[in-house]
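Reading through the structure tokens given below for one structure.
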Amino acid sequence: MKPVFIEGIGIIFTRGRGLNKFEQALKDGWDEPTVSADGRKAYRVPKDALIDYNILKKVRRSDRFSRLAVFAACDAIHDSDLDIADLDQSSIGIIIATAFGPHATIFKVLDDIIDYGEKKVSPTTFANSIHNAAASYVASALGCTGPVMTTTQFYFSFQQALLLASSWLNEGRLKKVLVGIVDECSPAMEYICEEKLSVAHNGKMSPLSCLKRPKFVPGEGSAFFLVSQDSRKKKYGAFTEIDITGNSHGWTDVDLSIIGTNAMGGSEEVYKDILNKGIPVAAYSSIYGGFMTGNAFECAAAALMLKNQTQYASPNVDRTELWNVADKSKERELNQIQCISHNNTQKLVFIKMTK
């Protein structure tokens, strides 16, 4: 894999919209999740984070899922200082990764069929229930006419999207690719999580505990990266290697390992065997909640740390005797960081990022 350089990042999550909000969250550490009317805790995106009429007027028929994607994608372009009008608009591709897609809208369509019959379902609601709708809204809002794709997979969809983006750039099909994730936390998802997973009723996930049944708080959000193979444009370092494997222990030449503890992948005991005890380890999912595409947030954290040359403390640290835990924020030299996640078949994926 040739290096894929990051030109801009856009992010929207439980503490608001913008990379500055995410950076502040990494500095501040854990905070209480929001509580719904029925008492369920989750890390939800606040309503005021999705108010920007300059963007909304371009996607006024979109659902919440698509708006999460559009806001983060537009912010990634803005963060890069790129003026799309100065480029051939067909030279920018868009790839969105998601685990569950617009499931809230899908359930709404099904409810309408039950309540009103097939002939009276809203065509707009049905159109928004298509998994690729969010990517289409992003393309429309930005005026991009290059290839548009959505990758849907319970595990590793973001990593597959990165590999696809790298392939497009290697082939010379495009100059830049906007690649990102979006997943939302609907009441239905919260109910399913409460029934099937071990919900952390105190609102605290337990990263780095390597539990067979890890504590979980649902999360949601969207994160996008504008990437290219032009090293002159890089702002946050680069994605340099991606390894999906069943037996690797990762790279030993990195300065920090960030593990994805979203608790949807089942037992996290696998992390006990794969991490080098000499390399500092961190996990940040207790800041933004657990969801299957949350790996993109770990990569955003790594990109910020490589840019700022600052290691942020891992919040809610338990059982620090297992590893060399990054439990304090401090300035330090960071040249390479690996982001690690797993699925419930004990398969692992490693993303290496360099300064």
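Where a number appears in this text, it was derived from the coordinates with a stated rule and is not lab data. Treat the numbers as computed from the prediction; the structure is a model and nothing was measured. Cβ coordinates were reconstructed from backbone atoms using ideal geometry, including for glycine residues, and neighbour counts include every protein chain displayed.
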Nearest-5 percent of antiparallel DSSP beta bridges in the chain?
60 percent
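In which sequence would MET149, MET305 go, from the one with the fewest C-beta neighbours within 10 Å to the one with the most? Each step should come with its number before you reach the end.
Values: MET149 17, MET305 27.
With the sparsest Cβ surroundings first, the list reads MET149, MET305.
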Report the full-extension gain for the segment ASN324 to HIS78: residue separation times 0.36 nm, less the Cα-Cα distance, to one decimal in nm.
84.9 nm
Zero-based 10 Å bins, Cα pair distances in segment 197-301, whole percents:
13, 41, 34, 11, 1
How long are the three semi-axes of the equivalent ellipsoid of segment 4-354, in whole Å, if each is the root of 5 times an eigenvalue of the C-alpha gyration tensor, listed from largest down?
30, 26, 18
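May I ask you to compute the full-extension gain from LEU211 to THR145, defined as 0.36 nm times their residue separation minus their alpha-carbon distance, rounded to one decimal in nm? Could you put the intermediate results ahead of the total?
Numbers: separation 66, 0.36 × 66 = 23.76 nm, distance 4.57 nm.
Difference between extended and current length: 19.2 nm.
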Select from segment 128-180 those trypsin sites (Lys or Arg not before Pro) which occupy a DSSP coil region and have at most 10 other Cβ atoms within 10 Å, ordered by residue number.
none
In Å, descending, principal axis extents of the Cα set of segment 39-142
49, 36, 26
Cβ-derived FRET efficiency at R0 45 Å, ASP86 paired with LYS47, nearest 0.05:
0.85
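At 222 nm, what helix-only mean residue ellipticity would the chain give, in deg cm²/dmol to the nearest 500, using -39500 (n - 2.57) for each DSSP H run of four or more? Don't skip to the end; give the middle numbers.
Values: 11 runs with 106 residues, N = 355.
Calculated mean residue ellipticity at 222 nm is -8500 deg cm²/dmol.
Assuming R0 = 22 Å, can you tell me the calculated FRET efficiency for the pair ASP253 and GLU331, based on Cβ-Cβ distance, to the nearest 0.05?
Numbers: r = 21 Å, r/R0 = 0.95.
That pair, ASP253 with GLU331, gives E of 0.60.
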Mind scanning LYS47/LYS352; LYS330/LYS355; LYS212/LYS347; LYS108/LYS212; LYS2/LYS355 and naming the pairs with a C-alpha gap bigger than 25 Å?
LYS47/LYS352; LYS108/LYS212
